[in-house]
Structure formats: structure tokens, C-alpha cells
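Below is one structure, written out as C-alpha cells, with a few remarks after it.
Coordinate-derived values only; no laboratory data. Note that the structure is a prediction, hence the values are computed from the model and not measured. Cβ: placed from backbone, ideal geometry, glycine included. Neighbour counts: every protein chain shown.
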Amino acid sequence: MKFSVDGDTAVIENGKVVSIIADLLSTKSDMVEKALLFRTVATGRDVIDKQHTEQEATYGRDAFAKVSLNFLSLHLITYVTVTHTHFFCFCLLVELWLVQHRMVVPAEAIRY
């Protein structure tokens, strides 16, 4: 995603990328655009949205990408760990069942 400058503020060059990100996050495109181009500032009772400069928008984009990648990696590692653990427990249960029923299983047949 690239930003261009319109006056002092950043704008997203390719709106298609915003809609793809919005689809992946199951949210609206304008919310993704707002998250990338603005920050909310509270001053006393007033809450205002301040538009980012190109440098601030680039920094925010990079931070968003880093967090997304970390979340995706964590999810993948958790999925693999849980799947492997379930498979390992299943193998142990099968082995116990075979031992209880006095069935002989060659050691090379059991792989974890």
C-alpha cells in the first residue's frame, strides 16, 4: 500500500488494497481507511480526528502489518500445536487399547 500527499495530508493511492484488507478483517473499507489515515485526539471534552502526514501514515501501515503478521503467526503456531497434541493423544489411546487387548504391535509401526 502506498500513500501520496494531498497538501499536507496522506491519501491512499490504491483503494483496491483497502477493500481487500477490509474483506479479510470483515469490516468496512472506510473504517480501514480511517484507521490508516487518522488518529483520534481527545482534548478535554472534544474528540477530534487528526489526519496523518505521509510519514505518519507509512509508520502506521508498517505497525499494522507487523501486528497482523505476529497475530497470524501466533494463530498458525497454536493451530499446529493443538493439532499435533490431539494426534499424539490419539496415538497414545490407540496404543493403550492395543496393549489392553493384548495385541502385538511392532515397534516400527508406532510413529509419533
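Here are a few things to note about the model shown:
- Every helix of 4 or more DSSP H residues in the chain counts as -39500 (n - 2.57), and over all residues that averages to -21000 deg cm²/dmol at 222 nm.
- Dipole-positive endmost among Ala63, His84, Ala42 within the chain (Cβ charges, Cα centre): His84
- Look at Val11, Val94, Val32 and count the other Cβ atoms within 10 Å of each Cβ; fewest to most, that gives Val94, Val11, Val32.
- For the stretch 52-68, the Karplus equation 6.51 cos²θ - 1.76 cosθ + 1.60, evaluated at θ = phi - 60°, returns couplings of 6, 7, 4, 5, 5, 5, 5, 4, x, 4, 5, 5, 4, 5, 5, 5, 4 Hz by residue, with Gly and Pro reported as x.
- Spacing of the two label points (7 Å from each Cα toward its C-beta) at Ala63 and Thr27, in nm: 1.4
- Each of Leu37, Leu24 was scored by other Cβ atoms within 10 Å of its Cβ. Listed from fewest to most, they are Leu24, Leu37.
- Along the axis of the charge dipole computed for the chain (Cβ charges of +1 for Lys and Arg, -1 for Asp and Glu, origin at the Cα centre), the listed residues Phe3, Leu72, Leu24 are led at the positive end by Leu72.
- Distance (nanometres) between label positions extended 7 Å along Cα→Cβ at Asp8 and Asp46: 1.5
- Simple spin-label estimate for Leu93 and Ile20 in nanometres, 7 Å along Cα-Cβ: 4.2
- Candidate lysines - alpha carbon under 21 Å from Lys50, same-chain residues fewer than 8 apart omitted: Lys2, Lys28, Lys34
- Remark on the chain: Rg and Dmax equal 25.5, 81 Å (Cα only).
- Dipole in debye (nearest 20) - the chain, about Cα centre, beta carbon charges: Lys, Arg +1; Asp, Glu -1: 420
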